[in-house]
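The values are calculated or read from the model by the stated rules, or taken from the named source; none is laboratory data. Owing to the predicted nature of the structure, the values given are computational and were not obtained by experimental measurement. Note that each Cβ is placed from the backbone with ideal geometry, even for glycine, and that neighbours are counted across all protein chains shown.
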Amino acid sequence: MQTSPAITTDLIADSVTEELNPAIAHSNTHSPAQSHPAHAEHPDLRRFGLLVFLFSEGMLFVGLFVAYLTFRSVATSWPPEGTPKLEVLLPAVNTVILVSSSFVIHQADIAIKKDNIKAVRWWFAATFIMGAVFLAGQIYEYQHLEFGLTTNLFASTFYVLTGFHGFHVFVGLMIIASVGLRSLKPGAFLEGKHYGIEAASIYWHFVDVIWVVLFLMLYIL
Amino acid sequence: MTQTQIQPISAASNQNPSEHPERHWRDYFTFCVDHKVIGIQYLVTTFFFYLVGGVLASIVRGELATPDQDLLPPGVYNQMFTMHGTIMIFLWIVPAVTGGFGNYLIPLMIGARDMAFPKLNAIAFWLIIPGALMLMGSFFVGSSESGWTAYPPLSLITEFKVGQALWIFSIIVLGTSSILAAVNFVVTIWAMRMPGMGLFQMPLFCWSMLATSCLVIVATPVLAGAMTLLAFDLLAGTSFFNPTGGGNPVVYQHLFWFYSHPAVYVMILPVFGMISEILPVHSRKPIFGYKAIAYSSMFICVLGLVVWAHHMFTSGTPDWLRVFFMIATLLIAVPTGIKVFSWVATIWGGKLRLNSAMLFALGFVSMFVVGGLSGVTLASVPIDIHVHDTYYVVAHFHYVLFGGSVFGIYAGFYHWYPKIVGRMLNEFWGKVHFVLTFVGFNLCFFPMHILGLQGMPRRVAQYDPQFATINQICSFGAFILAISTFPFLFNAVWCWFKGEKAIANPWHALTLEWTTASPPIVENWENEPELLTDPYDYGMGHTYDQQGHVILANAS
């Protein structure tokens, strides 16, 4: 609920004095006439919250990665004999696209800090297209693989890990699209008010980092 | 010596109640974002599931009253103990101590108006409902019968695939709720403390909730990963954990216990915090070793993440790994012991008030020590191999989860009920409740140590007749325990409407939640709360006015 900033600063100053010397603090108790509760507004904690949440989300992938590495280290041969070889070229190109998109969306973050909402829209559109190309490439790869979900343990882990990540890319695209659409509304994001853009960008970096680990683990290692 | 009269902060709220938005009873059934409403929603909802889980436990003990399998078909018996365990953990203790007491108390204790993300808070609570509906719904299609651990391949070869799948999805939903709540707690405790309250001026409950939330954030997603893979195995025919398809069931056990061992600390750490609040108030002494208790919470949080494989000493775990996990597990007894010693030193020589809250708190300390000691014996590899999957283990974890967590929750109920409801509980019935619970609990679970050492396996409906007498004692205790909930329930419901009105600070406690009215007004305080003392400055000559507000004794 609302508060008048004057009261807020007043109260903070008050508590500080009081901490130093309780006796002084109570010489100026607030007037009983002040009936509506005053609220100290707290700083924007959404970025902090998002980072904590993404850390947790990262642990989900860490769990799956460790499971994959364990399956792999326990197996007598990996991938199990008879598994068709994975094509590396397409995913490598895909990796380059996704990693570059992280730099692209970062430009949006820089642009909004200069209050350039027009540039934000273009950078977001570019990121969206790059992410969509990545997903399309992933679907293309799925269609041309010679093994299915239940072929063997390697195939299952491959599909579940990439699928799980792909789902995160999809969620990222939805976030980028909705923030992008909201940016069309004048004044939705300003120099000092751009959490949505920042959040989309942080999430997208997260999805990227996960993919790099995944790519190295599944295709290169 | 001079005394400074402190203006009671909530005095104005009594003068002009009409100027404040009042809580309507409908708010408690809607998507309300007030942390106090959400806390009550959690507590009432989870207590309902406690009763459901208790009915299941009574049925299980009914079956075990005789050596023959006569009350239930074996499959149904398996469903009963599976659902009992799952409900008690995921729908009672975890949400009650974190979501319930955490939500209600944390903002009040740190002088905040609400949690950092009130909407997220409400979402976390309302996720409990679909999770619970799925779990309860699975009763009607044949629920999971693979125990609360759902080890594959047992969980994969079930005849009730739908029930097992519902169980998995329910755990994922409840886990998500738990993670969202934990994110909220970490941010709130870290960044929303009132000006002047440093980390070491926080009440110890805040420290324990911080440690708990860190554990949830690190460990719960791993469980969600395990559950996802298990769901694929069950429904899509993959074989991550199915040995017949080349999978590895032990990987599931590692992932599962990486969450489920820390989950034990998720269930007990907030209770440690509550006990650290209750003991000093009713002993009228400062807490002994504030920093030791605060640090030991964080130490348990870190160490609790690297002990999980002690549940798997018999799962073909290599010797060197068993030794590592044995030592790590034994080490956990150190921070826990520090806490117990601090509590004992706190009550030592204090002016004890033996009211219901204090009785349950003292009951907690003594019962938890029994559970802790049996835990130390179980940590030792040779003993664990001998008693693995016997009633010794059942005795151990009921001593920590019931003798520990549930006793602590009851202590918390009695201690904070006047604040939450604004009325006092009846002390006589509170004591009746305590005596019945204490006697029933020990009758029910202590003999199980002996059963386990004699070799009675857990999770069986039918057992060797030589165990019959001890089992009858256990079942008798279980029924006393079941009956013990009635005085509590009637007391809580009756006093909600008819109890004696509570003043702001009936226990003369010094933490911030007692500086506002009982129940607290919407937005918690009339004006910004004031930090007059450290949270445990008892026995320093402070006096209290009619509403229980502290009047500082200034040594001059």
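Some observations on this one:
- Residues satisfying the stated conditions in segment A:158-197, i.e. over 21 Å from A:F71 (Cβ atoms) and polar (S, T, N, Q): A:S178, A:S183
- Yes/no for B:L321 being surrounded by fewer than 21 Cβ atoms within 10 Å (Cβ to Cβ), farther than 30 Å from B:P286 by Cβ and of a type in the set (A, V, I, L, M, F, W, C): yes
- If you go through segment A:189-198 and keep only what is assigned to a loop (DSSP other than H, G, I, E, B) and farther than 15 Å from A:A119 by Cβ, you end up with just A:G192.
- In segment A:196-218 there is no residue matching the filter, namely being of a type in the set (V, I, T) and either outside the structural domain of A:P84 (by TED's automatic domain parsing) or more than 22 Å from the chain's Cα centre (by Cα) (or both).
- Qualifying residue in segment B:462-469 (condition: surrounded by fewer than 21 Cβ atoms within 10 Å (Cβ to Cβ), more than 30 Å from B:K36 (Cα to Cα), β-branched (V, I, T) and out of contact with any strand residue (DSSP E or B) (no Cβ under 8 Å at 6 or more places or on another chain)): yes
To keep it simple, each residue is scored yes or no on (1) touching a Ser or Thr at 6+ places or on another chain (Cβ under 9 Å); (2) modelled with pLDDT under 95; (3) more than 14 Å from chain A (Cβ to nearest Cβ).
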residue: B:A96; (1), (2), (3): yes, no, yes
residue: B:P107; (1), (2), (3): yes, no, no
residue: B:L133; (1), (2), (3): yes, no, yes
residue: B:E159; (1), (2), (3): no, yes, yes
residue: B:L174; (1), (2), (3): no, no, yes
residue: B:I179; (1), (2), (3): yes, no, no
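- Filter result (of a type in the set (S, T, Y), assigned to a loop (DSSP other than H, G, I, E, B) and free of Cβ contacts under 8 Å to residues at least 60 places away in the same chain) within segment B:109-161: B:T158
- Among helices (runs of 4 or more DSSP H) entirely within segment A:70-184, having at least 3 residues that are surrounded by 20 or more Cβ atoms within 10 Å (Cβ to Cβ), within 14 Å of chain B (Cβ to nearest Cβ) and touching a residue at least 12 places away in the same chain (Cβ under 8 Å) singles out A:153-182.
- Segment B:510-538, subset of a type in the set (V, I, T) and not in a helix (DSSP H, G or I), residue farthest from B:P118 (Cα to Cα): B:T533
- Residue match in segment B:166-188 (condition: of a type in the set (G, A, S) and surrounded by fewer than 24 Cβ atoms within 10 Å (Cβ to Cβ)): no
- Of note, B:L321 satisfies the criterion of being modelled with pLDDT under 95 and assigned to a helix (DSSP H, G or I).
- For B:N524, the criteria (1) within 14 Å of chain A (Cβ to nearest Cβ); (2) over 26 Å from the mean Cα position of the chain (by Cα) hold in every case but one, which is (2).
- Conditions (1) crowded, with 21+ Cβ neighbours inside 10 Å; (2) more than 25 Å from the chain's Cα centre (by Cα): number failed by B:E513: (2)
Matching residues to (1) buried (at least 22 other Cβ atoms within 10 Å of the Cβ); (2) at pLDDT below 95; (3) under 25 Å from B:G548 (Cα atoms); (4) not acidic (D, E):
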residue	(1), (2), (3), (4)
B:A11	no, yes, yes, yes
B:N14	no, yes, yes, yes
B:W25	no, yes, no, yes
B:T46	yes, no, no, yes
